[in-house]
Amino acid sequence: MLHAALQAAAAGETRLVLVAGEPGIGKTELVREFSGQAREHGALVLWGSAWEDGGAPPYWPWVQVLRGYSRQAGPAALREMAGRDSALLGQLLPELTQDRQPAGPPAAGEEARFALFEAVGAALDRASRTAPLVVVVDDLHAAGRPSALLLRFAATSPIPRVLFIATYRDAEARLDTSLNDIITGLESAATVLSLGGLAPDEVSAMLPGADAGVLAAVQRRGEGNPLFVAQVARMLEIGRAHV
């Protein structure tokens with residue numbers, strides 16, 4: 001499904017894929033693996049992750065996305081990407097301002113926010129003209145309402161050759177009243193991948209040599225969660241090393 005979405009984006013469409021599931025179910029790992037394959041097919045992957053421990057500025061995942069473009073394409077390409085919107089984007093990237101001084105936090109108010117959103121969308125549009133873009137917002141449930149709104153704006157704008165991907169813990173997103181309505185709106189416009197646990201035969205493949213009792217306990221207690229299974233696998237390896 002991700003590859004199909006990338007092919008559609010490369011052909012000139014704007015696509016959005018949401019990857020949902022519980023902690024440890026493999027959301028980030030799936031997108032990371034796909035991102036490597038997307039690069040092999042000529043796409044430019046721009047990745048931004050939410051910071052869950054507090055203190056991050058507004059739009060932090062988008063700051064990382066834009067800086068990722070600068071790292072991969074170069075500072076000159078970043079300035080070309082920003083175009084006449086350098087002053088607006090300087091609210092997110094101070095390095096875009098001529099005096100290299102921070103432009104201050106993004107301006108408040110709906111009109112100012114809309115202008116910033118348009119600037120980001122236009123920048124992504126310009127960047128996508130040289131190569132298809134894969135823009136990843138990891139851990140959307142922790143990104144904050146402003147970043148989620150920007151994703152909704154960008155993903156519903158006519159920006160050709162861009163595939164947007166967001167991962168999130170669906171239960172946590174539902175409980176966050178500041179995000180619930182945005183996530184619901186995104187889901188109605190996206191391809192949604194809801195990841196479930198591993199099947200018993202897949203758990204067995206991850207735990208070669210484990211006896212039937214261990215496999216049954218892992219499946220019962222972890223419900224096939226890949227992170228839990230991987231931790232058990234490490235514990236079994238440590239146990240074997242000390243035998």
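The values are calculated or read from the model by the stated rules, or taken from the named source; none is laboratory data. Fair warning: this is a prediction, and the values are worked out from it, not measured in the lab. As a convention, Cβ positions derive from the backbone with ideal geometry for all residues, glycine included, and neighbour counts pool all protein chains shown. These accessible areas exclude ligands, DNA and RNA; they are computed on the full protein's heavy atoms, side chains included. Shrake-Rupley method; radii C 1.70, N 1.55, O 1.52, S 1.80 Å.
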Worksheet item: Can you give the extra length, in nm with one decimal, that the chain gains between Arg32 and Glu111 once fully stretched, where that is 0.36 nm per residue apart less the Cα-Cα distance?
Response: 24.9 nm
Discussion item. Tell me the angle of helix 212-222 to the major Cα principal axis of the chain, expressed in degrees between 0 and 90 and rounded to the nearest ten.
Written reply: 30 degrees
Worksheet item: Hey, if you drop one equal point scatterer on each alpha-carbon of region 107-243 and run the Debye formula without solvent, what base-10 log of I(q)/I(0) do you get at q = 0.14 Å⁻¹?
Response: -0.78
Discussion item. Tell me the net charge near Ala127. Cut-off is 11 Å between Cβ atoms, Ala127 excluded, with +1 for each Lys or Arg and -1 for each Asp or Glu.
Written reply: +1
Worksheet item: Which order do peptides 158-170, 29-41, 53-65 fall in by mean Cβ count within 10 Å, highest first?
Response: 158-170, 53-65, 29-41
Discussion item. Going by Cα centres, region 105-171 and region 193-218 are how many Å apart?
Written reply: 37 Å
Worksheet entry | Peptides 139-147, 110-118 ordered by average Cβ neighbours within 10 Å, highest first | 139-147, 110-118
Response to the item:
Taking only the alpha carbons of the chain, the radius of gyration and the largest Cα-Cα distance, Dmax, both in angstrom, are 20.3, 67
Fill in: Protection proxy ranking, peptides 195-206, 5-16, average beta carbon neighbours within 10 Å, highest first
5-16, 195-206
Worksheet item: Which value in deg cm²/dmol, rounded to the nearest 500, describes the helix-derived mean residue ellipticity at 222 nm for the chain, given -39,500 (n - 2.57) per DSSP H run of n ≥ 4 and division by the residue count?
Response: -15500 deg cm²/dmol
Practice prompt. Mind checking the full-extension length gain between Thr130 and Ala76? Use 0.36 nm per residue of separation minus the Cα-Cα distance, one decimal, nm.
Written response: 18.0 nm
Discussion item. Probe radius 1.4 Å, ligands and nucleic acids ignored: give me the carbon and sulfur share of the accessible area of region 46-87 as a rounded percent.
Written reply: 52 percent
Worksheet, complete the sentence: If each K or R counts +1 and each D or E counts -1, the residues other than Val19 whose Cβ falls under 15 Å of its Cβ total -4
Discussion item. Nearest 10 degrees is fine. How inclined is helix 60-73 to the longest principal axis of the chain, computing both from alpha carbons?
Written reply: 80 degrees
